Structure formats: structure tokens, C-alpha cells
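The values are calculated or read from the model by the stated rules, or taken from the named source; none is laboratory data. This one's a predicted model, so the numbers in the text were calculated from it and none came from an experiment. For the accessible areas, the whole protein counts, side chains as well, though only heavy atoms, and no ligand, DNA or RNA atoms are used. Shrake-Rupley method; radii C 1.70, N 1.55, O 1.52, S 1.80 Å.
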Amino acid sequence: MAEKNLEQMREAVAAIRERMAAAAREAGRDPAEVKLCAACKTRSAETIALSAGLDIDLFGENHVQELCANFDAGAYCGKPSHFIGHLQTNKIKKVLGRACVIESVDSLHLLDAIEKEAGKANLVQDILLEVNIGAEESKSGVSPEELWPLLESAAAREHIRVRGLMAIPPVNTNDAENRAYLARVRRLFVQAGEKGYPNVSMEILSMGMSGDYENAIREGATLVRIGTAIYGERDYGRKG
């Protein structure tokens, strides 16, 4: 399936922004509090560069290879990029300096590796801790119970700064169940901020995708990750 052209993407982003603003106002929030992350997995650098001129705040990449190629090609046109997929420790070096935030940190092993590589690069890497709120075996992320020791460990790192939480609730849940999962993540986010740890500033609550971003905003998300609704269906044949 062909990727959307510029005008189609412009219309899609405008419609998404309207729905984002309506959901925020419904919750008594300022629409400006919520950022739109374009999840550009499998998209061409040309399409990403076209979309960068639209009302998109940042880009999210699932694969290190695509992050490197698109960043190095200048496809983000100066807008920030986040890494939102599963990160292997042997690829951290490539992500540093390209992704301003690594959203998918879910283990002490990964924390150790990021700390080591960030130390070598003499920088402080911003991260989000990923929570597996639905206890799904198919998804990465720590359980709510495991979040606290991971947060405490992350707070003690010299070259890591925790900026918030990321979560992907179970799909195929009804509206009430979806909102209950999202609300639970929000409670964890608030509790984490109340811990008062150094190097921890709970500013980013990344949850909500094309199918549930309005609910996510109603439940407190500050960043929604949207791909299909912006670009159209993905062509997985593009990725080798």
C-alpha cells in the first residue's frame, strides 16, 4: 500500500490535532500539554521529511537501523527523535546522540548498558521506564511492582535521567477497560514523581496510539505515539 502524500498527511494530522485538543479540553487540560509523536516505523526518509513540516512535535523510531538512517539523512528536519522500540544492548551506542529520549527501558541490564555507554560518550541520556501494565507475555516492560526497584536504580545513575513512563495497554479491550489500564499507568506516574528521587523528573507520560490516543489524553498522557493514523497502513515489506 502506498504511503500517504503530503496533502493526505496534512489532513490526517489536522484531524488528529482536533481530536487531541477536544480530548484534552474534555479532561480539563490545556491541549498544549500533549505532544504528538509521529511513529514512523517502516516509512521512507522522504515521507518522514515531508511530514516534518506538519504540526508534529517529534518522531518515534522502533528500529535502530531506521533511526540511524533517517537521522543521518536529516529526515526529521531538526525535530527531536525518540527511540520507542525494544533496544538491544549492543546497539545503544548507535542510539546515543540520535534519540534524545529512549522510551523503552525495562531492565537493570539495559540501565547498566546505557549508563556505561553514556559515560563513555560523556553525556546524560534521558529515558522513560516502560511498564507492562497488562502483564502481557508478548510485550516488554516491567510490572508495576518491578517499577520501583528499577526507578530507584535509575535514579542513582550519573549518566541517566528519568523523564517519565511509557506504556502500551492491551489491545482489543473495551473502552472502559482501556481507560482503566491508562488510569493505572497515570497513578504510577504520579507516585513515581512523589518519590522525590534525584535524576527523576516525571514530565513525560507516553501512552496512547492510533486506536486509543483520545482515551490516553483523557487519562493524563503528555505524549501520544501515532503512526498509522498519520501515514496510513505500514508496508512491512520495506524492512529487511
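Things worth noting here:
- 3J(HN,Hα) along the stretch 17-30, derived from phi through the Karplus expression 6.51 cos²θ - 1.76 cosθ + 1.60 where θ = phi - 60°, amounts to 4, 4, 5, 4, 5, 5, 5, 5, 5, 4, 8, x, 10, 7 Hz, with x in place of Gly and Pro.
- Amide H contacts of Lys35 (H built 1.01 Å from N, under 5 Å, at least 5 apart or other chain): Leu223, Val224
- Gaussian network model of the chain, springs between alpha carbon atoms under 10 Å - residue of Val224, Val162, Val124 with greatest fluctuation: Val124
- Residue-wise HN-Hα couplings along the stretch 171-187, as the Karplus relation 6.51 cos²θ - 1.76 cosθ + 1.60 with θ = phi - 60° gives them from phi, are 8, 6, 9, 6, 4, 5, 5, 4, 5, 5, 4, 4, 5, 5, 5, 4, 5 Hz; Gly and Pro carry x.
- In the full protein context, the chain carries 46 Å² of accessible surface per residue, based on a 1.4 Å probe and ignoring ligands, DNA and RNA.
- Accessible surface of the chain, 1.4 Å probe, proportion on carbon and sulfur as whole %: 48
- Spatially, the stretch 5-58 and the stretch 214-235 are offset by 8 Å when compared through their Cα centroids.
- Pairs exceeding 27 Å between alpha-carbon atoms, taken from Lys120/Lys195; Lys35/Lys195; Lys41/Lys94; Lys91/Lys195; Lys4/Lys35: Lys120/Lys195; Lys91/Lys195.
- In Hz, Karplus ³J(HN,Hα) per residue of the stretch 62-76 (6.51, -1.76, 1.60; θ = phi - 60°; x = Gly, Pro): 8, 10, 4, 4, 6, 4, 4, 5, 6, 5, 5, 7, x, 5, 7
- Gaussian network model of the chain, Cα within-10 Å springs - most flexible of Ile230, Ile217, Ile92: Ile92
- For Phe59, the residues whose amide H sits under 5 Å from its own are Ala38, Ser81, His82, ignoring neighbours fewer than 5 places away on the same chain, with H placed 1.01 Å from N.
- Helix content alone sets the calculated 222 nm mean residue ellipticity of the chain: runs of n ≥ 4 DSSP H residues at -39500 (n - 2.57) each, divided across all residues, give -12000 deg cm²/dmol.
- Cα gyration tensor category, rounded, prolate or oblate, for the stretch 8-124 with a/c compared to 1.5: oblate
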